[in-house]
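Here is the structure we will look at, set down as C-alpha cells.
The values are calculated or read from the model by the stated rules, or taken from the named source; none is laboratory data. Here the structure is a predicted model, which means the values were calculated and not measured. Cβ sites come from the backbone with ideal geometry, for glycine too, and all protein chains shown count toward neighbours.
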Amino acid sequence: MRVVAGLCLLLFSAPVLAQHEKEGEKSKNPAIGNPQAIEAGRKLFANGCAACHGAEGQGGRGPNLRAQVFWHPLDDDTLYKAVQKGVGGAMPPANLPEDQAWQVVAFVRSLTAPAAENPAPGDIANGEKIFWGAAGCSNCHRVRGKGGMLGPDLSNAGMRALPDLWDSVVDPDADGALGYRAVTLTLKSGQTLKGVARNRTNYSVQLQDAQGNVHLVAMEDVTDMTIGRGSPMPKNYATRLSKQEVNDLVSYLSRLTVRPADATTKK
Ligand code: HEC
Ligand code: HEC
C-alpha cells in the first residue's frame, strides 16, 4: 500500500516540478540584477514613480516598496504587469517600452533583493579595510568569529537588501534597534553593568556586555537603570565617512554570506 502511494506521488510530482522550473526561467529577464539596467531604472523611477512612491521607494501616496508590504513578495512578471497596466484605480499605467519597463522592475527588485545577488557598487577591499580599521565597526560587530560582541553578527549581512545596509550605517536608529538598546544597570551590590539589553521584562533584564557575556539580572536586584532611546551604534558615520567610503563599506558587507564552503567565491 505504502509503496503504491509513494509511486503515485513520484509520478505526479515529476511533471509539476518541471513546469515550475520552466516558469522560473521565463520570468528571469536579463535586466534583473544588471547594474546598468538598475541605474537606468532608477532614473525612470525618479521621473515616473517617485512622486507617489518616494525617491528611494520609501513610500508616500503609494506604498513603501522597500519594506515587505506584500505578504507574498511579487515575482518579476507580476511587478512588470503592475508597472505597465497600473494597479486598481490608484496607480496609473506606465505604458513604457518593454525594455524600459524591465529596467524599472530591475530597480524595484533591487530595493529588496539580497545585496549579495547584485554586483557591489564600491571597492570591497577598501570597505574591508575601513571596517576593521578607521571606522571601528569591528569593535562591536563580528564577522566569521572575529570582532566585538555589542552589535549583531554581520557574517550574513549580504542577505540584507542594499538600501537597508546603507541605512544601517548612516541612520542606525531607522530600524528601531530592538534587542540592542544601550543599558546601564546599578545593582544593590554597588556593581555597575553596561551593555545592550537583549531582552527585558518587568521582572528581569538580559544584559549583554562588550565581551559578549550575558547577565540575567532580576529587577529586584537593580537600584538604577538607564536605557538609551535608539541604537548604541555611532550616529555620525554619515559625516565622519565620505559617501565613497560608505559605498565601499556597504560593498564589503554585501559580500558577507554564510554559504556552503564550495559555493564561496575566494577573493
Ligand atoms: C499617482 C501615483 C502613483 C504613481 C505615479 C505610481 N504608483 Fe505605484 N502605486 C500607487 C498606489 C496608490 C498603489 C497601491 C494601489 C493599491 O493597492 O490599490 C501602488 C502600487 C504599486 C505597487 C504594488 C503593486 C501590488 O500589486 O501590490 C508597485 C510594485 C508599484 N506601485 C510600483 C510603481 C512603479 C514602478 C511606478 C512607476 C513606473 C509607480 N508605481 C507609479 C501609486 C502610484
Ligand atoms: C558601539 C558599537 C557599534 C559600532 C562601533 C558599530 N555598530 Fe553597527 N550596530 C551596533 C548595534 C548595537 C546594532 C544593532 C542596533 C541597530 O540596528 O542599530 C548595529 C547594527 C548594525 C547593522 C544592522 C545589522 C542587523 O542585522 O540589523 C549593520 C549593517 C551595522 N551595524 C554595520 C556597522 C558598520 C559598517 C559599522 C562601522 C562603520 C558599525 N556598524 C559600527 C553597534 C555598533
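Data overview
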item: Candidates Asp123, Asp209 - the one that is surrounded by fewer than 18 Cβ atoms within 10 Å (Cβ to Cβ), under 27 Å from Asn247 (Cβ atoms) and in contact (Cβ under 8 Å) with a residue 24 or more places away in the chain; result: Asp123
item: Tally, over the stretch 46-87, of residues that are at pLDDT 85 or above and near ligand 1 (Cβ under 6 Å from one of its atoms); result: 13
item: Qualifying residue in the stretch 170-177 (condition: at pLDDT below 90 and more than 21 Å from Phe131 (Cβ to Cβ)); result: yes
item: Residue match in the stretch 75-97 (condition: away from ligand 2 (no atom under 16 Å from the Cβ), in contact with a helix residue (DSSP H, G or I) (Cβ under 9 Å, 6 or more places away or on another chain), touching a residue at least 40 places away in the same chain (Cβ under 8 Å) and over 18 Å from Arg42 (Cα atoms)); result: yes
item: First in the stretch 230-244 and more than 8 Å from Pro172 (Cα to Cα) and part of a loop (DSSP other than H, G, I, E, B), second anywhere and near ligand 2 (Cβ under 6 Å from one of its atoms) and β-branched (Val, Ile, Thr), Cβ under 7 Å, 6 or more apart; result: Pro232/Val196
item: Test: Arg109 is buried (at least 17 other Cβ atoms within 10 Å of the Cβ) and within 16 Å of ligand 2 (Cβ to nearest atom); result: no
item: Hits in the stretch 166-200 (condition: outside any loop (DSSP other than H, G, I, E, B) and among the charged types (D, E, K, R)); result: Asp167, Asp173, Asp175, Arg181, Lys194, Arg198, Arg200
item: Positions within the stretch 150-176 being among the small types (Gly, Ala, Ser) and either more than 6 Å from ligand 2 (Cβ to nearest atom) or within 14 Å of the chain's Cα centre (by Cα) (or both), in sequence order; result: Ser155, Ala157, Gly158, Ala161, Ser168, Ala174, Gly176
item: Single residue of Asn156, Asn139 found to be out of contact with any Asp or Glu (no Cβ under 7 Å at 6 or more places or on another chain) and surrounded by fewer than 15 Cβ atoms within 10 Å (Cβ to Cβ); result: Asn139
item: Flag for Pro92 being loosely packed, with under 15 Cβ neighbours inside 10 Å and over 30 Å from Thr184 (Cβ atoms); result: yes
item: Selection count, the stretch 176-198, where residues are free of Cβ contacts under 8 Å to residues at least 40 places away in the same chain, surrounded by 13 or more Cβ atoms within 10 Å (Cβ to Cβ) and not hydrophobic (A, V, I, L, M, F, W, C); result: 4
item: Within the stretch 218-237, considering residues that are of a type in the set (Gly, Ala, Ser) and near ligand 2 (Cβ under 10 Å from one of its atoms), the one nearest to Trp166 (Cα to Cα); result: Ser231
